Amino acid sequence: MRYLQISDSILLSHGSGGVESQNLITELFYPLLEGCVMGGGEDAGIGSLSQNTEKFALSTDGYVVSPLFFNGGDIGKLCVCGSCNDVAMMGAKARYLSASFMIEEGFLIADLKRIVESFANTLKQSGAKLLSADTKVLPKGTLDKLFITTTALGEFLYPHLNLSAFGIPQDCAILVSGNIGTHGAVIYSNREGIGLQSDLQSDCSLLYPVLEPLFQAKLKLYALRDATRGGIASVLNEWANASKIGIEIEEEHLPILSQVRGICELLGFEAYNLANEGMCVLCVAKEDATKALEILHSQGAPNAAIIGYTTSENATKVVLKTPFNARRYLDYPSGELLPRIC
């Protein structure tokens, strides 16, 4: 294990969503769980209770964001959106959630009430129901305030969909449903001790309502992925590696808010590597790309854009084309830029 050999212990970068995370999963978890894992590295796994029952999508995720409250959301909203969005990336609508609340001794009841109210309001917006929940209280100092783990079970309403990072063909269009890097920039500017002042709001939101008209239109969709940890750089590299294709992106077509650009310039980040919590990347047949873009715009995603195409050149690589016609590889994020991002 290349990255695990550097140290005998886990590093923060192993949870970043970048290359170290991929190595941890593929070189430690997968071999030890051989024969047990059904999922193929997608945002959600697909299963059924028997051969004669309908399939469902299942996703679980832990939320440890810091700070717990940020411009545009909080951990309660974030965990519902995150898990519902994960099953939506497989074309499923979240029907049930389970949740585990890990609470530190001494945590303020008023803050917990705000978070649970936000959790409930977002759950109502999603149309899903809480099927099971658990609370644990740990001694002060054994965790940082509050962690939430959620699992979403999604129903497939459109059986024609077969979304996967594997088998993406050449000559398809790559789209994004909104601005890039917004959530990551907000968390950094809100984090205690950073000292940045900004009115920027997180893009934290439910994606299924925006995507359902695409599913109904029966466009040729190959893959969806919400660009959370590692941003679009991680998503595009995962797709290029999974399908053994090249991907070429036009830098000038990437929708990035001016506030996000400013934060990136100030801190030496690239927006491609920063997380989103209400934006996804789409791979669509080239002939359906314009129609897909029109639908996204009509569904309250005015900054959705076609940002590039898959290609037979530079297999397994993502190439970024600058406005000056220079080209460079857009690599997997490496290291840990922003711990506790979601």
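Odds and ends about this structure:
- Options Arg340, Arg328; residue that is surrounded by fewer than 18 Cβ atoms within 10 Å (Cβ to Cβ), in a loop (DSSP other than H, G, I, E, B) and among the basic types (Lys, Arg): Arg340
- Of the residues making up the range 217-250, those that are over 23 Å from Gly167 (Cβ atoms) and in contact with a helix residue (DSSP H, G or I) (Cβ under 9 Å, 6 or more places away or on another chain) are Arg229, Gly231.
- Odd one out for Leu130 among (1) touching a Leu at 6+ places or on another chain (Cβ under 6 Å); (2) under 25 Å from Asn237 (Cβ atoms); (3) not hydroxyl-bearing (Ser, Thr, Tyr): (2)
- Test set (1) polar (S, T, N, Q); (2) in a loop (DSSP other than H, G, I, E, B); (3) open to solvent by less than 50 Å² (accessible area, probe 1.4 Å) - Thr151 fails condition number: (2)
- Condition check for Phe269 on (1) within 19 Å of the chain's Cα centre (by Cα); (2) modelled with pLDDT of 95 or more: one failure, at (2).
- Within the range 287-306, residues that are within 11 Å of Gly178 (Cβ to Cβ) and among the basic types (Lys, Arg) reach no partner that is in a helix (DSSP H, G or I) and open to solvent by less than 80 Å² (accessible area, probe 1.4 Å) with beta carbons closer than 6 Å at six or more positions or on different chains.
- Remark: pairs (first residue in the range 226-255, at positive phi; second residue of a type in the set (Val, Ile, Thr) and modelled with pLDDT of 95 or more; Cβ separation under 8 Å; 6+ apart in sequence or on different chains) = Gly231/Ile180; Lys244/Thr316.
- Restricting attention to the range 1-28, the residues that are more than 25 Å from Asn276 (Cα to Cα) and either open to solvent by less than 20 Å² (accessible area, probe 1.4 Å) or at pLDDT below 80 (or both) add up to 8.
- The range 88-115 - residue that is basic (Lys, Arg) and open to solvent by 60 Å² or more (accessible area, probe 1.4 Å) and, of those, nearest to Phe215 (Cα to Cα): Arg95
- For the range 52-84, taking the residues that are among the β-branched types (Val, Ile, Thr) and open to solvent by less than 40 Å² (accessible area, probe 1.4 Å), the one that is farthest from Ala185 (Cα to Cα) is identified as Val80.
- Selection from the range 266-285 of residues that are in contact (Cβ under 8 Å) with a residue 24 or more places away in the chain and loosely packed, with under 14 Cβ neighbours inside 10 Å: Leu266
- Pair list, Cβ < 8 Å and 6+ apart or interchain, from the range 85-98 residues that are closer than 22 Å to Leu219 by Cβ and of a type in the set (Lys, Arg) to residues that are modelled with pLDDT of 95 or more and open to solvent by less than 10 Å² (accessible area, probe 1.4 Å): Lys93/Val87; Lys93/Gly154
- Flag for Thr182 being touching a residue at least 40 places away in the same chain (Cβ under 8 Å), within 20 Å of Ser98 (Cβ to Cβ) and crowded, with 22+ Cβ neighbours inside 10 Å: no
The values are calculated or read from the model by the stated rules, or taken from the named source; none is laboratory data. From a predicted model like this one, the values you see are computed outputs, not experimental measurements. We place every Cβ from the backbone using ideal geometry, glycine too, and count neighbours over all the protein chains shown. Calculation scope for accessible area: heavy atoms of the full protein, side chains included, ligands and nucleic acids excluded. Shrake-Rupley method; radii C 1.70, N 1.55, O 1.52, S 1.80 Å.
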